[in-house]
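Only the coordinates and a few stated rules stand behind these numbers; no lab work does. Predicted model, so just to flag it, every value in this text is computed and none were measured.
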Amino acid sequence: MNALLAWYFVAVWGSGYVATKIGLQYAPPFTFLTLRFGFGLLCLAPVVLLWKPRWPESRAELGHLVVAGLLMHAVQLGASHYAQYLGMSAGVTALVISTQPLLTAIIASRWMHARLAPGQWAGVFIGLAGVALVVAQDRYPRGHCRQPRSDPDRGSGRNGGDAISAHVLPAR
């Protein structure tokens, strides 16, 4: 169930950039964000009333939540929505935001003296490698990539492996 929820989160979060691109055609960025958060609140209110989650018990705990919420949502989403409003593509915006885990890991280890486990660093760099693959795809347009060969004994040559190599590997 947790894996299903994780995939659901990734799908919803990832589609947010495309939804923002569409929404910004009809409203300025901060109006759109206000509407988005208002809609989120309406969806979340029944869940809170039903499950009664634990609320912050101290002012310090509340302060941490407020600061984290402002940084993650007001600053990050405000900046990304405004960047898209000014013309940055949804894809580039997503790529810029995807560097956040690396920056967070560097800041936490350098200035907050947090020790990240090797598995955590591996996760950060695997994610960064995914970003690099997406960026590399723009560097090698489809016309300049090795095309799959057609083999009459194997059909059109358009099986999964050939399709991947045609879009990822540069021509020699």
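Applied to the stretch 59-69, the Karplus parametrisation 6.51 cos²θ - 1.76 cosθ + 1.60 on θ = phi - 60° returns per-residue 3J(HN,Hα) values of 5, 5, 4, 4, x, 4, 5, 5, 5, 4, x Hz, with x for Gly and Pro. Across all C-alpha atoms in the stretch 1-84, the radius of gyration and Dmax reach 15.0, 42 Å.
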